[in-house]
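Undergrad: Below are the structure tokens for one structure; questions will follow.
Read the figures in this text as sums done on the coordinates, not as results from a lab. Predicted model, so just to flag it, every value in this text is computed and none were measured. As a convention, Cβ positions derive from the backbone with ideal geometry for all residues, glycine included, and neighbour counts pool all protein chains shown.
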Amino acid sequence: MTGTAATARATAAGLHLDLRRAPLGDVQAIDFRAATRDFWADEAALWDRLAASWAGLDDAAWRLPGAARSDAGGPDWSLLDHIAHILDWHELAVAYIAEALDTGRWPTDDEYDGGDFDTFNERRRSLFADLRPADLRARLETAHGVLLGVGGRLPLAAIYSDAAWGWVYNVVHGHAIDHLRVLEPWADRLRARQAENDPFGPDPQPVASNLAAAKERFWTDEASIFTQFEAMIRALPIESWTAAPVTPAWTVADHVGHLAAWFDMAADALDEHRRTGTWRTVPAEGIDAWNDTQVRAMRGTPVAALLRRYEAGRDRLRAAVAAMSDAEWLDPDGFSWAYEDLHGHVRSHLASIAPYAATADWPPS
């Protein structure tokens, strides 16, 4: 096959490739500068895929180093570092595209540490290190909208020109693809660990010497996890709650009902201990059998009623945890009922549901 024929065949295959779902190796092989491509439709698909890559990960997961080595000899990059880097270049691009629209001048490599982009990017990590992940996501969403507005003013002929291509394509399509190669497998590993309740750091069990700090961290984490989880489930259309399993056997409705049942179980256990001084044991039939029974009993419950039960159980358990004595916080049984069945449990199910929720509104493949 001649080189021209091979290129034509690859281009034809790329036309039918679902950029949101296709293997990244196939996406990388596409010539996004080809006349057959729709530049902004491609950008929208790759943005969807990028935004889905971090779905369901808690704040501790965002800061965990190890996603990739630094190309400039610094500490390993975290998920937060990667997304902050994408944000940084979105904001830089807004400025230089606006200048190009006004003056026709595009930047040169020399303007970025003499063309040493690795050093430039490493140096700018500190600008974003203190951002909360939720604030970083919000700022990136805003910057992305501004970038689309500014970039959309460029004629396509100008975008495809030699002067502009690297400065526009690399910030949108190119950046998404390059970072997805790292972020997708890294985030998948983190979600699997979070689903198994890995805290991504020290054991959260308080000890007497750090009880006040442990309580403060507990409630900070609780607020963050519930905000993320509830924004996710409330954004889903009602039909998506029961449309398909999101884990091998459970729908979104099953997961939410399961959490509601454990909120009540844990609140009962804490209230019972306050009355009797005895900790409740796990269900006699075993946790898996108890879970299955509870989920089956709640199937068919309208989503609105399921949400009411979830919210009532959540509020009841919050109140029971808030009423715990210091001795109960320091008791591994007491802390387990509080942590494992409040936000520890929710963060696990957040990781399990999020990949489905993040892609539920994608166009069909």
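Undergrad: Quick one, can you get me the convex hull of the C-alpha atoms of segment 299-365 expressed as volume per residue in Å³?
TA: Dividing the Cα hull volume of segment 299-365 by its residue count gives 115 Å³.
Undergrad: Using only Cα atoms, what is the ratio of the radius of gyration of segment 229-269 to 2.2 N^0.38 Å?
TA: Normalised Cα radius of gyration, segment 229-269: 1.29.
Undergrad: Moving on. Order of 154-163, 244-253 by packing, highest average Cβ count within 10 Å first?
TA: Most protected by this proxy first, the peptides run 244-253, 154-163.
Undergrad: In square nanometres and to one decimal, what's the mean projected area of the convex hull around the Cα atoms of segment 80-218?
TA: 10.9 nm²
Undergrad: Going through segment 168-245, which GluC sites (Glu not before Pro) have at most 12 other Cβ atoms within 10 Å and a DSSP loop state?
TA: Answer by residue number: Glu196.
Undergrad: Further question: Rounded to two decimals, what ratio of Rg to Rh does the chain give with C-alpha atoms and a Kirkwood Rh?
TA: With Rh from the inverse mean 1/r over Cα pairs, Rg/Rh is 1.05.
Undergrad: Could I ask something else about it? What is the dipole size for segment 208-359, taken about its Cα centre, with +1 at each Lys and Arg Cβ and -1 at each Asp and Glu Cβ, in debye to the nearest 20?
TA: Dipole magnitude for segment 208-359 comes out near 380 debye.
Undergrad: Relative contact order of the chain, please, whole-number percent, based on alpha carbon pairs below 8 angstrom and at least 6 residues apart.
TA: 22 percent
Undergrad: Report the dimensions of segment 208-359 along its three principal axes from the alpha-carbon atoms, largest first, rounded to Å.
TA: Principal-axis extents of the Cα atoms in segment 208-359, largest first: 47, 33, 24 Å.
Undergrad: I've got another one for you. Among residues other than Leu259 whose Cβ falls under 9 Å from its Cβ, what is the net charge (Lys/Arg +1, Asp/Glu -1)?
TA: That works out to 0.
Undergrad: For segment 208-359, with the dipole built from +1 on Lys and Arg beta-carbon atoms and -1 on Asp and Glu ones, taken about the Cα centre, which of Trp279, Ala231, Phe335 lies farthest toward the positive end?
TA: Ala231
Undergrad: Kindly provide log₁₀ I(q)/I(0) values, in the same order as q = 0.24 Å⁻¹, from the Debye equation applied to equal alpha-carbon scatterers of segment 153-212.
TA: Calculated log10 I(q)/I(0) at the listed q: -0.95.
Undergrad: Among the GluC sites (Glu not before Pro) in segment 275-365, which ones are in a DSSP loop with at most 16 other Cβ atoms within 10 Å of the Cβ? Mind listing them?
TA: Taking segment 275-365 and a limit of 16 other Cβ atoms within 10 Å, the loop GluC sites (Glu not before Pro) found are Glu285, Glu340.
Undergrad: A further question on this structure: Measure nothing fancy, just the Cα-based angle from helix 175-195's long axis to the longest principal axis of the chain, in degrees from 0 to 90, nearest 10.
TA: In the chain, helix 175-195 runs at an angle near 10 degrees to the longest axis.
Undergrad: Counting Lys and Arg as +1 and Asp and Glu as -1, each charge on the Cβ, what is the dipole of the chain about the Cα centre in debye, to the nearest 20?
TA: Taking the Cα centre of the chain as origin, the dipole is about 760 debye.
Undergrad: Would you please put 86-92, 116-122, 126-132 in order of how densely packed they are, using the mean number of other Cβ atoms within 10 angstrom per residue and starting with the highest?
TA: 86-92, 116-122, 126-132
Undergrad: Based on DSSP H runs of at least 4 residues, each adding -39500 (n - 2.57), what is the mean residue ellipticity at 222 nm of the chain after dividing by all its residues, to the nearest 500 deg cm²/dmol?
TA: About -20500 deg cm²/dmol.
Undergrad: Tell me, what is a quarter of the convex hull surface for the C-alpha atoms of segment 164-264, in nm² with one decimal?
TA: Computing the convex hull of the Cα atoms and averaging its projections yields 10.6 nm².
Undergrad: Dividing the Cα radius of gyration by the Kirkwood radius, what Rg/Rh value follows for segment 101-165?
TA: The Rg/Rh ratio comes out at 1.05.
Undergrad: Oh, and also: So, counting K/R as plus one and D/E as minus one, what does the shell of residues with Cβ under 10 Å around Gly66 add up to?
TA: Once positives and negatives cancel, what remains is +1.
Undergrad: Want the number for Arg69 to Asn170: 0.36 nm per residue separation, take away the alpha-carbon distance, what's left?
TA: Taking Arg69 through Asn170 to full extension adds about 34.3 nm, to one decimal.
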